[in-house]
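One structure below.
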Amino acid sequence: MLSFSILGSLEVHTATGQVEIPGDLQRTLLQVLLVSEGQAVSGETLVDEMWGESAPDNQANALQAHISRLRRRLKSMEPQRTVSRLTVHPSGYRLAVGEDEFDAAQFLRKVRRAEDLFTAHPAEAARLLRSALSMWRGPVFGPLPGGSVCRLAGSLYEEHRLRARELLFDAELGAGRHASILPELCDAHVNNPLRERFCEQLMIALYRSGRQADALDTYRRMWQRLSEEIGVLPSPSLRNVEHAILSHDPSLALTSAPTLLRIA
């Protein structure tokens, strides 16, 4: 069995270790087939992803040569496999990859499992989310982001990563670990300065740590940033957290269930 990793630079592993996929065109070809998640990809899309506006005149022949080269490379990694992973269909080319062979699919599966555990078992959900987030080695595809299809997929996976971090912090807050996650929350807020949920979570953690003034100052700086950079007011959710802190709302207490951390 092979394993394919895209949560960072593209990597392919066999039972004996990592195997190199040489050449940017071959790597881009494999990347777009992987993010298509078992769906056939048209030749036109593959050409556009691989060459963009610099496609060769004989693009059909050039693409077929790269398809054949990648098929042979994959076959050499698992010679016992009787059916090729890379097959041709009327609608294009398809790469067969199991969920357990693809790190992005494993990441999403862990996050879904954590969502199921979140309300009743926040500490277990947090453990699972940390395991999922530890799978990331860097930006999707690393220094070779590919064309429009790969870039879009990379953006979607990055959004899933940010949402997993939000869920992690909610779970840790639900488990009463506000003090221990303050450094992580500060880092998430600084590196995603317009993402309001990280701001809300940081405000709650500061408030629970006895730092009401710092929590309110965090809100004021966020309000100023939103106003100056994109010309909007804080969302109702963020304003509600500020109001809850000012009024010492009981829903901010350590005894609140995780689902109450979003102030109504």
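The values are calculated or read from the model by the stated rules, or taken from the named source; none is laboratory data. This one's a predicted model, so the numbers in the text were calculated from it and none came from an experiment. Neighbour counts are summed over all protein chains in view; Cβ atoms, including those assigned to glycine, are modelled from backbone coordinates with ideal geometry. Surface areas here come from the heavy atoms of the whole protein model, side chains and all, with no ligands, DNA or RNA. Shrake-Rupley method; radii C 1.70, N 1.55, O 1.52, S 1.80 Å.
Output needed: percent of Cα pairs per 10 Å distance bin for the range 10-129, bins running from 0 to the one holding the longest distance. With a bin width of 10 Å, the distribution comes to 12, 37, 27, 16, 8, 1. Membrane-span-like helices in the chain, defined here as complete DSSP H runs extending at least 30 Å along the helix axis by their C-alpha atoms with mean Kyte-Doolittle hydropathy no lower than -0.5, are 148-174; this is a sequence and geometry rule, not a statement about a membrane. At the listed q of 0.17, 0.26 Å⁻¹, the Debye profile of the range 4-55, built from one uniform point per Cα, gives log10 I(q)/I(0) equal to -0.57, -1.07. Multiplying the residue separation of K75 and S227 by 0.36 nm and removing their Cα-Cα distance gives an extension gain of 49.1 nm.
Find the accessible area per residue for the range 145-241; the probe is 1.4 Å, ligands and nucleic acids are left out, and the unit is Å².
Solvent-accessible surface per residue comes out at 45 Å².
Per-residue packing, averaged as other Cβ atoms within 10 Å, sorts the ranges 29-40, 135-146 into the order 29-40, 135-146, beginning with the highest.
On the range 143-258, 56 percent of the accessible area sits on carbon and sulfur atoms, based on a 1.4 Å probe.
Around the amide H of V19, modelled in the peptide plane, lie the amide H atoms of V12, H13, T14, all under 5 Å away and 5 or more residues distant in sequence or on another chain.
The HN-Hα couplings worked out from phi for the range 94-99 by the Karplus form 6.51 cos²θ - 1.76 cosθ + 1.60 (θ = phi - 60°) are 10, 10, 8, 9, x, 4 Hz, whole numbers, x standing for Gly and Pro. Sorting R27, R163 on solvent-accessible area from highest to lowest, probe radius 1.4 Å, gives R163, R27. Taking only the Cα atoms of the chain, the radius of gyration and Dmax are 22.9, 70 Å. What's the local net charge at L129, with K and R +1, D and E -1, over the other residues with C-beta under 13 Å away? Neighbourhood net charge equals +3.
Ordering D187, D116 by accessible area with a probe of 1.4 Å, largest first, what comes out?
D116, D187
Can you check what the Kirkwood hydrodynamic radius comes to for the range 108-244, Cα pairs only, in Å to one decimal? After inverting the mean inverse Cα-Cα distance, the result is 16.1 Å. Charged side chains reduced to their Cβ positions (Lys and Arg at +1, Asp and Glu at -1) give the chain a dipole of some 540 debye around its Cα centre. With helices as the sole contributors, the chain gives -18000 deg cm²/dmol at 222 nm; each DSSP H run of n ≥ 4 counts as -39500 (n - 2.57), and the sum is divided by every residue.
Packing order of peptides 119-131, 11-23, highest average first: 119-131, 11-23 (average count of other Cβ atoms within 10 Å over each peptide's residues).
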